[in-house]
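Here the structure comes first, spelled out in structure tokens, and everything after it is commentary.
A short reminder: the numbers here are calculations on the coordinates, not readings from a lab. Everything numeric in this text was worked out from a predicted model, so none of it was measured. Note that we place each Cβ from the backbone using ideal geometry, even for glycine, and neighbour counts take in every protein chain shown.
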Amino acid sequence: MNNHLKINYLEFPAKNIKATQDFFQQVFDWQFTDYGPDYCAFSNQAGIDGGFYLSELNSSTESGSALIVFYSKTLEQTQLDIKKAGGTIKQAIFDFPGGRRFHFLDPNGNEFAVWSE
């Protein structure tokens, strides 16, 4: 359902659409719909819809990008799954007020985080 004035869709750059799909499917069990060679979309995979567009750019906090943060009940296992799927741990698990988290880069170099209590 679309909610008035609520975030509805997210788009991320991707240097390699296929590697992106493989990574997010393997780690987060996302499913994708292809819209040609330069775009793929995910629907309600993370509680929101979105997509990846072909680009040599990436999204990182250093460049002022918003940080998308996932939740995990098993933080250490999720970190291992990300490594196994070809992601890079940018910042190892650390404590912050309210829990623990780590930051990772997807195969395109886009930065995300995962947290847990």
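Pairs exceeding a 26 Å alpha-carbon distance, out of 6/90; 18/90; 15/84: 6/90. For the chain, the Cα gyration tensor yields ellipsoid semi-axes of 22, 17, 14 Å (square root of five times each eigenvalue, largest first, whole Å).
Label-to-label distance for residue 70 and residue 48 is 1.5 nm, based on points extended 7 Å past Cα in the beta-carbon direction.
From its DSSP helices (H runs of at least four residues, each -39,500 (n - 2.57)), the chain gives a residue-normalised ellipticity at 222 nm of -5500 deg cm²/dmol.
With a cut-off of at most 14 other beta carbons within 10 Å, and DSSP calling the residue loop, which trypsin sites (Lys or Arg not before Pro) in the range 21-114 qualify? Please list them. Of the trypsin sites (Lys or Arg not before Pro), the ones in loops of the range 21-114 whose Cβ has at most 14 other Cβ atoms within 10 Å are 73. Place a point 7 Å from the Cα of residue 93 along the Cα-to-Cβ direction; which residues of the range 103-117 have their backbone N under 16 Å from it? Counting only backbone N, you get 103-104, 113-117. Roughly how many Å is it from the Cα centre of the range 1-41 to that of the range 69-110, as a whole number? Value for the Cα centre distance between the two parts: 19 Å. For the chain, the longest principal axis of the alpha carbon atoms and the long axis of helix 75-84 meet at an angle near 50°. Taking Cα centre as origin and charging only the Cβ of basic (Lys, Arg, +1) and acidic (Asp, Glu, -1) residues, the dipole magnitude of the chain rounds to 220 debye. The slack between residue 5 and residue 80, meaning 0.36 nm per residue of separation minus the straight C-alpha distance, is 23.4 nm. For the peptides 61-68, 92-99, 26-33, 12-19, the ranking by packing is 12-19, 26-33, 61-68, 92-99, with the highest mean count of neighbouring Cβ atoms within 10 Å listed first.
Could you list the residues of the range 62-80 with an amide nitrogen less than 17 Å from a label point located 7 Å from the Cα of residue 117 in the Cα-to-C-beta direction? So the set is 71-76.
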